[in-house]
Each structure stands twice: as structure tokens, then as C-alpha cells.
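The values are calculated or read from the model by the stated rules, or taken from the named source; none is laboratory data. If you're wondering where the values come from, they're calculated on a predicted model, not measured in any experiment. Here the Cβ is made from the backbone with ideal geometry for all residues, glycine too, and neighbour counts use every protein chain on show.
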Amino acid sequence: MSSVVLLVVLPFAGAMIALVGKLVRAEPVLSVISTVPLLGMGALLVMQFPAVLDGAAFTYSLGGWPEPAGIALTLDGFGWLSSVLVVLISTMVVFASFSSRRYRSTYFFVLMLLVAGMQVVVLTEDIFTMFVGFEIVAISAYVLIAFDRTDEGLLASLKYLLLSSMGILFFLFGVFLLYRDFGTLSLRIMAEDSATTPMAEMTSVHLAVAALCVGIGVRTAFMPFHTWLPEAHAYAPHPVSALLSGVLIKISFFAMLRIIAVFRATYLSDLLLWIGAATAFLAVVWALAQRDAKRLLAYHSISQMGYVLAAFGATSALSLTAAFSHAMHHALFKSLLFLVAGAAVQMSGARDLYLIRPIGRRAPLLAFGFVVGALSIAGVPPFNGFASKQLITSALDHHPAYALLWITAVGTTASFIKVSRIVLPRRPAGPALQITKLMTGLRSAHRVPVSEPASAGVMIHIPVVVLGLLCLATGVFARPVSLLLASLLSPTGLGAFTTTSAAGDPAIPATFLSGAKLLGALPVLLLGVLLYAGTTTVPGTRLARRIERIMPELRTILLFFVFGLALFAAAAYR
Amino acid sequence: MRKTDILDVVSRKLAPFMFLFGLYLVSHGDLSPGGGFQGGVVIASGVILLAMAKGSAAAAALLPVRKLAVTEAVAFGLILAVGLAGVLMGAGFLADVLYDGTLLPIVRTPFVFILNLLIGLKVGAGASLICLHLFAQE
């Protein structure tokens, strides 16, 4: 099926068109044309949908060379979902990029290259090609993060470059070990070979899987490999932040799922569960302490990925569906939040939550979109965050780690009351004014950059409306959506990883909006309001400043890498 | 720091041979060690040698930045086109569309030669461009 290869080649063709755009007079026209391949990819994915839903997996060997020598691309339910995510969010980001009118064809060249890299990562069956895809993604991400050439952006990009190059070396080391043992780079053949070998005899494979997990973990940014993410996502150009937080970190997570499934590394699940819960909790503490709107959102990305990881680590009947649905929903609402926050920052020129001018009156539609995103991430019914958090609750099923996730939900609610400053027009009076004065007087641990106010454009409304509606739709129709996810995922090899019941029915709850469940969301909201009130008191703000300053240094993080490798490898011998 | 004439003379004498060796690697990649990427990098290293010894202006006079940029974009497009030609002819992406089933006494594969040539152009132009831009910023 040549449509599989087109899914990878089309974005490259778009990048090529943008490259030509740099050289000719019709630069704006070619910038627009360079993004048209996204539509083609969308159409191809829609055309493949019925077959993929039936459990078909299209494999395509590049150049007609069969595997082990050649490189195969596979489009199955898993690849289809990941591709849909990439295409959908990229299209939205392209609209937002056109809206600000600042980006020319060089930007679209790098953007389409990033899309192509992500497509390579999700569709390839070959682990070295996956490495190449990760590098294409990383190099284009470095350029995009620093694209506005602000001091913070350049520094953030450099930090990301240092850390992710270190991380990818671990990945490459894992690839080397696997090639040494299996004599092939094809994941499919490795899966067949390792299925016949007893676990105990694969000692170097355990090390290889650990190295791959660390390498990918740096890109997925779970703790303690997360330190590059807040800066990279906060200081990147606004549409790019949406793409990075929305898709990029999920792509690497999906790659990790694939690798864990191929080597049946079920022994990692407890470790992943606890890392996920700890990541979710710690990241939300840091998020609450932030005063830079986009940094706060970036910490929430780490926190929500913690949720996804914890759900996946639970290895219950639901966990794969729960992890996937939260990853998808997070992609929708986080890119929405980043786009609106970016527009607000652009319109007022300030990123500091206490200086930003609320956009509620000037751009009511954007403000409305933001409220939808905030309610989704805080898990308020009937938005999609509520639905996927329900699935996660059932997947974890009273596991002790669930307590951490519950506290995280409280923190998430509190911090989104804090961010609502960027939309709600309010006049500080009396004690509120005092606090605001105190906060503006207190120096933040990080310099909060200021830029010239500018219009956010009209086109930004398209992605905001579309993403907002999708957030609502996936929340209201949570049951059909999660059934669809489950049926797309179950025929793929990943289904074997989670202990699905014999019938293959992943036990999706019959209803997502029952009265008891709605009542269950109430204490979280109330405690969230209380927690927010707590952070606005004077001791609360002092504590927040103190937390904000805790930041591991680069050399400490390198130790974390080695420590993480040992931890992941040791998990096999528990 | 004073620059000696030795560097100047040697680099001017050496650079043409580096270009030639790069072209050799590109054109014989289908028969012997080498290939488009390697040859392209050797060509680019010739450009870099000139740029370091004689200044980036001199190197840009030989290979103008704009022409390099056009070459890179066109080669990129042609690589994609050659790959997609296989799809159009129903043979699959990057399939050898020139192979007619006859085995030649010397195993030259025109298709691989064309691909190597395009990759050599793309890599040579791209790597030279990166360096010329970096030198120009100093």
C-alpha cells in the first residue's frame, strides 16, 4: 500500500516546497502551499480508517527490499491514531502560525520537517529509522524553539540540545546492543525472536530496553529527565509550544510503548506507574509555584504525561485505553491552552500572570476557548479531561499511587484558577490588590521576559474553536470514543502487553456522567479552590518562590540519566 | 596573527583535487565504497577548506550562496520525485524504475547512480551552505 509511504513522503515534499519558497519571490504563497500536504495526509488517513478499524495492518517495504535488510513502515491502529494526532494538531498549529503573520517559509520548512520526523517515528518498524526520526524531530525542534531569537529561546534551545543529544546517545547504545544480539534492526523480527527466548536469557536485552527507555524518557520528559521541558516549551514561539506540548512528547511516549510491547518488558510496569505518579505530583507542585503563564502550562504538560505513564503502568484491562485516551485528550486541550495563552501573551506583551492584561473583553471567543481548555485539564465534567481521568481511575483501581494522582488533580484545579487571570477581567480591590502588589514586587526566580504587544490575528480563532469543540465532543461522547480507541488498539501487538480479558473487552465504563461520578469530582474542585486561596496568602507566595528556585543543574541531570539507566535495568531482576 | 602564504597556496592547490575526489566518490558509489553522502561531504569539505584559508567571500565567489541554495532545493525535490516515480509506476517508493530485468556484465545500476548524484548534490550544497553561513556570521 503506497499510501503508507505517502504519509511520510508528503510532509517532506511540503518542506521542499517551503525551501523553494525561500528562493523565489512568491514566498507567502509557497508557505501556504507547503502546508497543503497536511490535508493530503488527513485525506489518506480518513481513507484508511475503515480498513484499520477492521484490524488491518498495512506494511510497506521501502525500495521493495524485504525485511531484515530493508526498512518497513507499518500503519496499524496504533500508527493510525498517532498519525491522526500529528496531522490534526499540526494543522491547527499551522493556522495559528499564519495568524501571527510573523513566520515566513523558513519557519514552515522546519515545521514540515518536524511533522515528517514525527511521522517517521510513529510509522517505522525499524529501530534505527526510529532513531533517525527522533533526530529529525530534535533538530527541527531546536531550530523552532530558538526561532524568535529571544535570549531565553536560544538558551532553552541550547539546553534542550544538550540534554536530548545526551539522551539519544543512550538510545543509540540500546540500538547497538539490540543489533549485537538479534542481528537485525527490524522491530517485528526482534519481537518474533524474543518471543521464543526465555526472559532470563536476555540479560543484555534488558540493558538495551533500559537504555532505550532512558533515551526516550528524556524526550517524553518524565521526572527526573524533565528539566529541559519548562524552558523549551515556555520560550518557544507560541504555535510551536502548542505543537511541542501537544504532540511531540506523546510521540516519544508512543515509541516507548512500542518498544516495551516488542520486548514484552512487563516487569517495567510498576516502575513506570510510580515514576508516572511521582512526575504528576511533583510537576503540579512546581506548576503552582510558577508566575509565567507559559511556564506554568509547560509544567502541567509534564504532570499530565505523568498521568498517562501511571495509567499505562497499571497493566489492568483498561490501562492501555486509559493512557491513550488521556494522551489524546491532553493533546487537544493542552494545544488549545498554549494557543490561547500565546495569543494573550502576544496581545499584552507580558507573560507574568500578575502583569498580563486579561483578554476576556478584547477577545471573548479566545477567552471562552481558554475556559474550555482549563475546565478540561482540571477534570470538570462534561469535558474530555474528566472522561479520561475517569478511565485512569478505573485503570488504577485503588492502587496506592492513585492518592498521588488525586492530589495532583487538586493542584491542577488550583493552578488553573491562578491562570484564569489571563482571561477574567477583574479589578483588584482591598486585600486582593495588596496581594497583587506584593506579587509584582517579589522577584521571580526566572526573568519573565516582556515583549511588544501585538495583535494575535484573526486566524487564531479557527484552531481555538475547532480544538474547543473537540474537547467538548470527546468529553460528551466519551464512551464511543474510548470504545473506538480500544478497538483500534486491541488488534495491535500492544494489546498483549495489558492483561485484557479473554473476550478482548476492555471494560469501558457504561456511563461517564453518572451522578456518583459527578459528586466524586466535587471535593477535588472544592479543595482546589482552597489550595488556590492558600497560595495567595503571604506564606503561600513565599513558599512558591522558594520552590520555583529549586532547579537541578546540568551535571546533576547527567547523573540522573545514569541512575535511571541502572533503575530501568534493575527492574528486570526484581 | 599573521597568515602565511603556505596555507594559501596549499589550500588553493588542494581544493580542486578534493572536489574531484568528491565527484569520484559520488559517481562510483554504486560500484565501490563511497556514495552520494560521503562524496557530498568531501565536496563540502573542499569548500570549507577554501573558506577557512581564503575567507568565506572567496569561497562564495566560486560557489555563490544563492546558487548553492537553489541546487539544494532542486536536488531535494528531484530526490523526492525519483522516489515517487516508483510509486507512480506501481513498483513502490524508491524502487528501481530503470531496471529492465537484463543483467549486464558490469553491475552498474543507473538508478543508484542517479540517486547518488542527487544525494551528492544535496549534501554537498547543504553542508557547504551551513558552513558559509556560519563563517559569514563571524
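List of remarks:
- Tabulated pairs, region B:90-102, first more than 7 Å from chain A (Cβ to nearest Cβ), second surrounded by 10 or more Cβ atoms within 10 Å (Cβ to Cβ) and of a type in the set (S, T, N, Q), C-beta under 9 angstrom, 6+ apart or interchain: B:90/A:2; B:96/B:109; B:98/B:109; B:99/B:109
- Matching residues, region A:1-47, being crowded, with 21+ Cβ neighbours inside 10 Å, closer than 17 Å to residue A:123 by Cβ and not aliphatic (A, V, I, L, M): A:11, A:12, A:14, A:37
Condition check ((1) in contact with a Ser or Thr (Cβ under 8 Å, 6 or more places away or on another chain); (2) within 14 Å of another protein chain (Cβ to nearest Cβ); (3) modelled with pLDDT of 90 or more) across all residues:
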| residue | (1), (2), (3) |
| --- | --- |
| B:40 | no, no, yes |
| B:46 | no, no, yes |
| B:51 | no, no, no |
| B:54 | yes, no, no |
| B:61 | no, no, no |
| B:69 | no, yes, no |
| B:77 | no, yes, no |
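- Residue that is farthest from residue A:222 (Cα to Cα), among those in region A:284-315 that are among the aromatic types (Phe, Trp, Tyr) and touching a residue at least 60 places away in the same chain (Cβ under 8 Å): A:286
- Region B:29-45, residues that are surrounded by 18 or more Cβ atoms within 10 Å (Cβ to Cβ) and either more than 12 Å from the chain's Cα centre (by Cα) or in a loop (DSSP other than H, G, I, E, B) (or both): B:29, B:30, B:34, B:35
- Test: residue in region B:110-133 that is more than 12 Å from chain A (Cβ to nearest Cβ), farther than 29 Å from residue A:109 by Cα and surrounded by fewer than 18 Cβ atoms within 10 Å (Cβ to Cβ): yes
- Checking A:241, A:252, A:269, A:303 one by one, the residue that is polar (S, T, N, Q), farther than 30 Å from residue A:180 by Cα and in contact with a Ser or Thr (Cβ under 7 Å, 6 or more places away or on another chain) is A:303 and no other.
- Of all the numbered requirements in (1) under 26 Å from residue A:291 (Cα atoms); (2) without any contact (Cβ under 8 Å) to a residue 60 or more places away in the chain; (3) not β-branched (Val, Ile, Thr), residue A:400 misses one, and that requirement is (1).
- Pairing each residue of region B:1-27 that is outside any helix (DSSP H, G or I) with any residue that is not charged (D, E, K, R), provided the two are 6+ apart or on different chains, yields C-beta distances under 9 Å for B:3/B:53.
- Beta carbons closer than 9 Å, at least 6 apart along the sequence or on distinct chains, pair a first residue in region A:80-95 that is under 16 Å from residue A:468 (Cα atoms) with a second that is among the charged types (D, E, K, R) for A:85/A:250.
- Filtered by the rule that a residue be closer than 23 Å to residue A:111 by Cβ and within 14 Å of another protein chain (Cβ to nearest Cβ), region A:32-74 gives A:33, A:34, A:37, A:40, A:44, A:73.
- Counted residues, region A:32-60 - those being part of a strand (DSSP E or B) and touching a residue at least 60 places away in the same chain (Cβ under 8 Å): 1
- Within region A:20-31, considering residues that are small (Gly, Ala, Ser) and part of a helix (DSSP H, G or I), the one nearest to the other protein chains (Cβ to nearest Cβ): A:21
- Restricting region A:178-225 to residues that are surrounded by fewer than 17 Cβ atoms within 10 Å (Cβ to Cβ) and in contact with a Leu (Cβ under 8 Å, 6 or more places away or on another chain), the residue that is nearest to residue A:278 (Cα to Cα): A:204
- Of all the criteria given as (1) closer than 30 Å to residue A:458 by Cα; (2) surrounded by fewer than 24 Cβ atoms within 10 Å (Cβ to Cβ); (3) in contact (Cβ under 8 Å) with a residue 24 or more places away in the chain; (4) not hydrophobic (A, V, I, L, M, F, W, C), the one not satisfied by residue A:142 is (3).
- Residue in region A:511-521 that is of a type in the set (Val, Ile, Thr), more than 26 Å from residue A:284 (Cα to Cα), surrounded by fewer than 17 Cβ atoms within 10 Å (Cβ to Cβ) and at pLDDT 75 or above present: no
- Filter result for residue A:312 (of a type in the set (Phe, Trp, Tyr) and farther than 18 Å from residue A:247 by Cβ): no
- Residues of region A:417-429 satisfying the condition of being farther than 13 Å from residue A:530 by Cα and either at pLDDT 75 or above or buried (at least 24 other Cβ atoms within 10 Å of the Cβ) (or both): A:419, A:420, A:421, A:422, A:423
- Screening residue A:120 against (1) assigned to a helix (DSSP H, G or I); (2) more than 14 Å from chain B (Cβ to nearest Cβ); (3) within 22 Å of residue A:163 (Cβ to Cβ) leaves a single unmet condition, (2).
- Pairs, first outside any helix (DSSP H, G or I) in region A:1-19, second among the aliphatic types (A, V, I, L, M) and buried (at least 24 other Cβ atoms within 10 Å of the Cβ), C-beta under 9 Å, six or more apart: A:1/A:75
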